[in-house]
Amino acid sequence: METDKVKTWSAGAQALALLTAVHERKWTTYLTEPRDLAELAAFTELPADRLRDVVGALEANGIVELADLKVWLTPEYADLLSDDAPFSLDDLLGEARMMSRLVVDALEGLPPTTGDALTVADAYGLRPTAVAQDVFGQLLDVLPDFQEALRDGRYLDVGCGIGGFLLSTAPVFPGMRAVGVELVPEVAAEGARRAVALGVSDRVDIRCMDARDLEEEDEFDSAFWAQPFFPAASRPETLAAIRRALKPGAKLYMQEMESMPEDEAERGAFALRRLVFANWGVPFARSAEDLTTEAEAAGFVLDRVAATPFGRIVVVVRPH
């Protein structure tokens, strides 16, 4: 029955609200190690009956474990609070709040804010941790030409966001020199801050600029284009600028970010993301074939479409 579906959505929203509330009250940090219920009662200052009900709801929703009068975060949630986590619980909850609002904004055609851009960058860009390095290492293992181009070459990251890939890779390849291009000032500033914190700002230049205004010609050994975040009107000129900036024979890599889910249960969330991205004027779920057509129209030549842990990657070459 449709009423059952609405109730399921409602239950999910309630669980998310409870998780957000306890996280804001620092319960999550406190429960990264087992605590007696008496300790938790003292920490939260909740009456015993209310605490019992809250802990019961958290346990029923898989957020905490409870045994022998001790309670602690499940490993899945504890991992999100680790310094090595590529995504933080703060980032995920921030994205959830933002997306709920943006679905409503899409009905009115309201544009995103700069704060939304930073939230999106945090949600999609892995933090430069050891885990992220391992994840991106798996990607580069199946793209050996990309790995070799990065090792001692000059790399262009177009739409770098907060520098998830760029800053995870720079420490692995000390000979790599890179330029990251990001349009939104707040996002670019956060990427630059992270580059300084990692000690790689001497060879990683994150610029706040429109990618179409790139002035370099024949300088880069490889490039990646975060194409899902570029509006339709800007795409041809962005590809033309990337082509000019690459050396003849150098390769551009583009990720097929979204595709229609095969699982019907996932199609509702897919359609909601499409609604939000369409309101931003961004082409949503461009296929590898679509990306190939775009790149060839800009003068690139298809090298291959590679299957990777991150989905299909389109690899095109600037011809000699």
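The values are calculated or read from the model by the stated rules, or taken from the named source; none is laboratory data. Source: prediction; values computed, not measured. Backbone-built Cβ (ideal geometry, glycine too); neighbour counts: all protein chains shown. Areas reflect the complete protein model, heavy atoms only, side chains present, ligands, DNA and RNA absent. Shrake-Rupley method; radii C 1.70, N 1.55, O 1.52, S 1.80 Å.
Just name the residue that is surrounded by the fewest Cβ atoms within 10 Å (Cβ to Cβ) out of those in the range 137-148 that are over 15 Å from LEU252 (Cβ atoms) and in contact (Cβ under 8 Å) with a residue 60 or more places away in the chain. Talk me through it step by step, then tell me what you get.
Of all residues in the range 137-148, those over 15 Å from LEU252 (Cβ atoms) come to 137-142, 144, 147-148.
Next, from what is left, pick out any that are in contact (Cβ under 8 Å) with a residue 60 or more places away in the chain: 138-139, 142.
Working: GLN138: 12, LEU139: 19, VAL142: 14.
That would be GLN138.
Kindly indicate the residue of the range 120-131 that is of a type in the set (Gly, Ala, Ser) and surrounded by fewer than 22 Cβ atoms within 10 Å (Cβ to Cβ) and also modelled with the highest pLDDT among those meeting that condition.
We begin by selecting, within the range 120-131, every residue of a type in the set (Gly, Ala, Ser); these are 121, 123, 125, 130.
With the extra rule that they be surrounded by fewer than 22 Cβ atoms within 10 Å (Cβ to Cβ), the set shrinks to 123, 130.
Working: ALA123: 80, ALA130: 89.
Only one residue fits best here, namely ALA130.
How about the range 165-190: which of its residues are aliphatic (A, V, I, L, M) and open to solvent by 10 Å² or more (accessible area, probe 1.4 Å)? If you could, list the steps in order and put the result at the bottom.
The initial filter retains those residues of the range 165-190 that are aliphatic (A, V, I, L, M), namely 166-167, 170, 172, 176, 178-179, 181, 183-184, 187-189.
Answer for the range 165-190, where residues must be aliphatic (A, V, I, L, M) and open to solvent by 10 Å² or more (accessible area, probe 1.4 Å): VAL172, LEU183, VAL184, ALA189.
Would you check if GLU237 is open to solvent by 60 Å² or more (accessible area, probe 1.4 Å) and part of a helix (DSSP H, G or I)?
Values: open to solvent by 60 Å² or more (accessible area, probe 1.4 Å): yes; part of a helix (DSSP H, G or I): yes.
Spelling it out, GLU237 is indeed open to solvent by 60 Å² or more (accessible area, probe 1.4 Å) and part of a helix (DSSP H, G or I).
Going through the range 42-66 one residue at a time, which ones are open to solvent by less than 40 Å² (accessible area, probe 1.4 Å) and either at pLDDT below 95 or in a loop (DSSP other than H, G, I, E, B) (or both)? Show your work before the answer.
Of all residues in the range 42-66, those open to solvent by less than 40 Å² (accessible area, probe 1.4 Å) come to 44, 51, 54-58, 62-64.
GLY62, ILE63 - these are the residues of the range 42-66 that are open to solvent by less than 40 Å² (accessible area, probe 1.4 Å) and either at pLDDT below 95 or in a loop (DSSP other than H, G, I, E, B) (or both).
Show the residue pairs that are 6+ apart or on different chains and have beta-carbon atoms under 9 Å apart, the first residue being within the range 91-113 and without any contact (Cβ under 8 Å) to a residue 24 or more places away in the chain and open to solvent by 30 Å² or more (accessible area, probe 1.4 Å), the second being of a type in the set (Gly, Ala, Ser) and in a helix (DSSP H, G or I).
SER100/ALA13
Test each condition in (1) farther than 28 Å from GLU148 by Cβ; (2) assigned to a strand (DSSP E or B); (3) charged (D, E, K, R) for LYS251 and report the one that comes out false.
If we test LYS251 against (1) farther than 28 Å from GLU148 by Cβ; (2) assigned to a strand (DSSP E or B); (3) charged (D, E, K, R), just (1) comes out false.
For ILE162, only one of the following conditions fails: (1) modelled with pLDDT under 95; (2) in a helix (DSSP H, G or I); (3) open to solvent by less than 50 Å² (accessible area, probe 1.4 Å). What is its number?
Only one criterion is unmet by ILE162, namely (2).
Tell me, which residue of the range 13-39 that is open to solvent by 40 Å² or more (accessible area, probe 1.4 Å) and small (Gly, Ala, Ser) is farthest from ASP91 (Cα to Cα)?
ALA38
Report yes if some residue within the range 163-184 is out of contact with any strand residue (DSSP E or B) (no Cβ under 9 Å at 6 or more places or on another chain) and closer than 19 Å to PHE230 by Cα; otherwise report no.
Yes, because at least one residue in the range 163-184 is out of contact with any strand residue (DSSP E or B) (no Cβ under 9 Å at 6 or more places or on another chain) and closer than 19 Å to PHE230 by Cα.
Search the range 149-174 for residues that are touching a residue at least 60 places away in the same chain (Cβ under 8 Å) and closer than 18 Å to ILE242 by Cα and pair each with any residue that is among the charged types (D, E, K, R) and crowded, with 24+ Cβ neighbours inside 10 Å when their beta-carbon atoms are under 7 Å apart and the residues are at least 6 apart or on different chains.
Listed by first residue and then by second, the contacts come to GLY159/GLU182; CYS160/GLU182; GLY161/GLU182.
Pick from the range 248-260 the residues that are open to solvent by 50 Å² or more (accessible area, probe 1.4 Å) and at pLDDT 90 or above: which of them is nearest to TRP9 (Cα to Cα)? Walk me through how you get there before you give the answer.
Here is the first cut: in the range 248-260, the residues open to solvent by 50 Å² or more (accessible area, probe 1.4 Å) are 248, 257, 259-260.
In the following step, the residues that additionally are at pLDDT 90 or above were identified as 248, 257.
Numbers: PRO248: 52, MET257: 26 Å.
Within the range 248-260, the match that is nearest to TRP9 (Cα to Cα) is MET257.
Only one residue in ASP134, ASP157 is buried (at least 17 other Cβ atoms within 10 Å of the Cβ), among the acidic types (Asp, Glu) and not in a loop (DSSP other than H, G, I, E, B). Which one?
Going through ASP134, ASP157 in turn, just one is buried (at least 17 other Cβ atoms within 10 Å of the Cβ), among the acidic types (Asp, Glu) and not in a loop (DSSP other than H, G, I, E, B): ASP157.
Identify the single condition in (1) surrounded by 17 or more Cβ atoms within 10 Å (Cβ to Cβ); (2) out of contact with any Leu (no Cβ under 7 Å at 6 or more places or on another chain); (3) farther than 21 Å from ALA96 by Cα that GLU216 does not satisfy, given that it satisfies every other one.
Every condition holds for GLU216 apart from (1).
Out of the range 261-279, which residues are open to solvent by less than 60 Å² (accessible area, probe 1.4 Å) and either modelled with pLDDT of 90 or more or of a type in the set (Asp, Glu) (or both)?
Applying the first criterion (open to solvent by less than 60 Å² (accessible area, probe 1.4 Å)) to the range 261-279 yields 261, 268-271, 276-277, 279.
Those that are open to solvent by less than 60 Å² (accessible area, probe 1.4 Å) and either modelled with pLDDT of 90 or more or of a type in the set (Asp, Glu) (or both): GLY268, ALA269, PHE270, ALA271, VAL276, PHE277, ASN279.
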